[in-house]
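Novice: I have a structure I would like to understand better, so I am pasting it below and will then ask my questions one at a time.
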Amino acid sequence: AKALAFLGALYGTIGLIGARLMKLPHPEWDFFRDISGEHNGSANPSDCKESDLNVGLPAKFVTTNTTQFPLLWLSVFGNATGGLALLSSSKLMMMDIWAGIAPDIVTSSFTTGYVSSLGIGMAVGRFGWSALSDRLGRQNTYALFGLAMPIVGMAPALCHAAVESADDSSAMLALFYGGSVLSISFYGGIFSVLPAYIADLFGQKHTGSIHGKALTAWAASAVAGPMGLSYLRSQSESAALANLVETIDDESTFEQAFGCSINDSDAIQTLIDAKTITISRCLELVPDGTSDPTPFLYDSTCHVAAGMMGVAALANFAIRPLDVKKVLGEMK
């Protein structure tokens, strides 16, 4: 409660300071005169024209009569869903998998620092990728975000390799750490680049309203990402527990530990749902040499997330530029 009260007071104070510092420009200030060099003496006039800000396709037309908008929506949805799945699972993967592989390195303080690094990566991505997109181009920057696909898709293989070579897993841990931070920076860049991408495609006049409609992709991903992660992990865990139960030879020991017969599948499923039968408890009853299935619980999650990012990359690749002024002329 104290932490939440402190954060509320801190955020409220920052918001109040920001609100007090925001001011309207002087009535005589002319943006276009300033950037053209007439006001500040610049020798390089800008290509920006006042008429460009007054050109743009209406939001209703964009959402219902163009192929570019649904493709852009799908690109944002796929990238955001994959990013949220990674954001939700990366801390769990660090604790469930890497803490067992490298317990001397992955301590509670290390995990806390890792979560902080993800937050920093997202913040740097929001500022950095939006700045780079001015040089790379919006579509090229979104294409670059597709690099998260192999990073996320190969994360399970990296974990499996680390389990098999547990004596020297620090390099693989560093790859997982750096790859996940880079992927999260892409997730931050999706939203900072999006308004400029919309302006480039549909003109600047109605960018705000089109941006609001495009953000429904993020809202949908905020539901689909965590829910999909939870479902896929629970399915993987149930399958792993079922396999462990089948390897238990001593039925009486199982019945003593969990209070049900090893042949009563309904009761076992009820105890699995209640978290009474867990992987750690089953590993105490299975024969020696049985492998721990924990490192494999996130395989399906990472593969589905990578698949969503692949769909997003294809959607972005399929977007073609519009001649906004020509379309406006045809509308008239």
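The values are calculated or read from the model by the stated rules, or taken from the named source; none is laboratory data. If you're wondering where the values come from, they're calculated on a predicted model, not measured in any experiment. Cβ coordinates were reconstructed from backbone atoms using ideal geometry, including for glycine residues, and neighbour counts include every protein chain displayed. Keep in mind that these areas ignore ligands, DNA and RNA; they rest on the heavy atoms of the full protein, side chains included. Shrake-Rupley method; radii C 1.70, N 1.55, O 1.52, S 1.80 Å.
Novice: Which whole-Hz ³J(HN,Hα) couplings does the stretch 203-217 yield from phi under the Karplus relation 6.51 cos²θ - 1.76 cosθ + 1.60, θ = phi - 60°, glycine and proline marked x?
Specialist: With coefficients 6.51, -1.76 and 1.60, one gets x, 8, 4, 10, 4, x, 5, 5, 4, x, 5, 5, 5, 4, 5 Hz.
Novice: Can I ask one more? Quick one: length gained pulling L182 to T107 fully straight, 0.36 nm per residue minus the C-alpha distance?
Specialist: 24.8 nm
Novice: Could you tally up the Lys pairs in the stretch 177-332 with alpha carbons closer than 23 Å? Skip any pair fewer than 8 positions apart unless they're on separate chains.
Specialist: Values: K205/K213; K205/K325; K205/K326; K205/K332; K213/K325.
Close lysine pairs found across the stretch 177-332: 5.
Novice: Across all directions of projection, what mean area in square nanometres is found for the Cα convex hull of the stretch 210-290?
Specialist: That works out to 6.7 nm².
Novice: Largest first, how would F127, F6 line up by accessible area (1.4 Å probe)?
Specialist: Working: F127 165, F6 135 Å².
So the residues, ranked largest to smallest area, are F127, F6.
Novice: With θ set to phi - 60° and the Karplus curve 6.51 cos²θ - 1.76 cosθ + 1.60, what are the ³J(HN,Hα) couplings of the stretch 255-271 in order, to the nearest whole Hz, using x for Gly and Pro?
Specialist: 5, 5, 6, 10, x, 8, 6, 5, 9, 8, 5, 5, 5, 5, 5, 4, 6
Novice: What number results when the radius of gyration of the stretch 109-197, computed over Cα atoms, is divided by 2.2 N^0.38 Å?
Specialist: 1.23
Novice: Pairing the Cα long axis of helix 299-318 with the longest principal axis of the chain, what angle in degrees results, from 0 to 90 and rounded to the nearest 10?
Specialist: Computed tilt is about 20 degrees.
Novice: Under a Cβ-Cβ cut-off of 13 Å, what is the net charge of the residues other than F110 that fall near it, where Lys and Arg count +1 and Asp and Glu count -1?
Specialist: Residues near F110 contribute 0 overall.
Novice: Could you give the angle, 0 to 90 degrees to the nearest 10, between helix 170-202's Cα long axis and the longest principal axis of the Cα atoms of the chain?
Specialist: Approximately 30 degrees, to the nearest 10.
Novice: Another question, then. Expressed as an acute angle from 0 to 90° and rounded to the nearest 10, what is the orientation of the C-alpha long axis of helix 2-21 relative to the principal long axis of the chain?
Specialist: 10
Novice: So, one more: Under 5 Å between amide H atoms, partner at least 5 residues away or on a different chain: which partners does V55 have, H built in plane at 1.01 Å?
Specialist: The list, which skips near neighbours in sequence, is Q204, K205.
Novice: Which of T301, T216, T13 ends up with the largest GNM mean-square fluctuation for the chain, with Cα atoms connected below 10 Å?
Specialist: Ranking T301, T216, T13 by mean-square fluctuation puts T13 first.
Novice: Residue by residue, what Karplus-based ³J(HN,Hα) values in Hz, rounded to whole numbers, does the stretch 275-285 have, using 6.51, -1.76 and 1.60 with θ = phi - 60° and x for Gly and Pro?
Specialist: Couplings: 6, 7, 8, 10, 5, 5, 6, 5, 5, 6, 9 Hz.
Novice: Quote the charge dipole size of the chain about the Cα centre in Debye, to the nearest 20; the model charges only the Cβ of Lys and Arg (+1) and of Asp and Glu (-1).
Specialist: 2220
Novice: Still on this structure, please answer the following. Just need log10 I(q)/I(0) for the stretch 248-332 at q = 0.10, 0.12, 0.18 Å⁻¹, Debye formula, equal scatterers on the alpha-carbon atoms, no solvent, rounded to two decimals.
Specialist: Computed log10 I(q)/I(0) values: -0.51, -0.60, -0.89.
Novice: Moving to a separate point now. Any idea what the dipole of the stretch 229-310 comes to, in debye rounded to 20, about its Cα centre with Lys/Arg Cβ at +1 and Asp/Glu Cβ at -1?
Specialist: 480
Novice: Still on this structure: Estimate the FRET efficiency between A220 and D250 by the formula 1/(1 + (r/R0)^6), using the beta-carbon distance for r and 35 Å for R0, to the nearest 0.05.
Specialist: Efficiency for this residue pair is about 0.15.
Novice: Follow-up. Kindly state, to the nearest 0.05, the FRET efficiency for D299 paired with L132, given R0 = 45 Å and r defined as their beta-carbon distance. List each step's numbers first, then the result.
Specialist: Details: r = 33 Å, r/R0 = 0.72.
With a Förster radius of 45 Å, E is 0.90.
Novice: Can you tell me, using C-alpha contacts under 8 Å and at least 6 residues apart, the relative contact order of the chain as a whole percent? Write down the numbers at each step before the final one.
Specialist: Values: 367 pairs, mean separation 103.4, N = 332.
Contact order relative to length: 31 percent.
Novice: Could I ask something else about it? Looking at the P(r) of the stretch 60-142, how many percent of alpha-carbon pairs lie beyond 15 Å?
Specialist: The share of Cα pairs beyond 15 Å in the stretch 60-142 comes to 71 percent.
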